[in-house]
Amino acid sequence: MKQKYLILNNDDQDELIIREFSELDDKKVLLLLSEEKYDVKDIKSAIEKGKKALISVLRTENLYPPGLYADKIAESAILMFREKKQSIELLFDDIDLLTKKKSKIEPFKDIEKESNEIDELLEDDFEEELDDSLIKKKSLIIKNNNSVDIDK
């Protein structure tokens, strides 16, 4: 599914408008899904705090783009105010989002080598013989053979 975000700077009303369009059923027509209006003062304040703050302001109950899209929308809004542009159009294809190249997963360290190191820590480096004189050789003798009945 293809999506388009149109960011408009409405100077007359001091508002920023973001419109989300989507292509449905593999047709070449983009339909308006949602429109959000923001106070320019709120947007400029969020821009001063950073991109994450801007993304949290831009995301609403009606307009909540995926992280990658939200990041691009925020960058475009920042660019729009810096360069005093009136509108910016962003096009996305969900196929690109799904097939975006993921970072390589690094293999684990050599487990065999690591386990050998642990085994070395557990090994004794000295040989110690037990002194048999320390062991008591008397056995325990029970003098009373009366058994106790637990059920009583």
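Of the cross-linked pairs Lys4/Lys72; Lys2/Lys72; Lys4/Lys44; Lys4/Lys41; Lys44/Lys85, those separated by over 21 Å at the C-alpha level are Lys4/Lys44; Lys4/Lys41. When the alpha-carbon atoms of segment 2-99 are used, the pair Rg, Dmax equals 13.3, 41 angstrom. Cα centroids of segment 1-30 and segment 33-63: 15 Å apart. Here the spin labels are modelled as points 7 Å beyond Cα on the Cα-Cβ line, and at Lys2 and Ser45 they lie 3.8 nm apart. Loop-located GluC sites (Glu not before Pro) in segment 1-70 (DSSP state not H, G, I, E or B) with no more than 10 neighbouring Cβ atoms inside 10 Å: Glu61.
Based on the Cβ-Cβ distance from Glu35 to Leu68, what FRET efficiency comes out when R0 is 30 Å, to the nearest 0.05? Result of the calculation: an efficiency of 0.90.
Qualifying trypsin sites (Lys or Arg not before Pro) in segment 63-94, where qualification requires a DSSP coil assignment and no more than 16 other C-beta atoms within 10 Å, comprise Lys84, Lys85.
Read-outs: derived from the displayed coordinates by stated rules, not from any lab. Just so it is clear, the structure is predicted and the values come from calculations on it, not from any experiment. Glycine also receives a Cβ, built like all others from the backbone with ideal geometry; neighbour counts cover every protein chain displayed.
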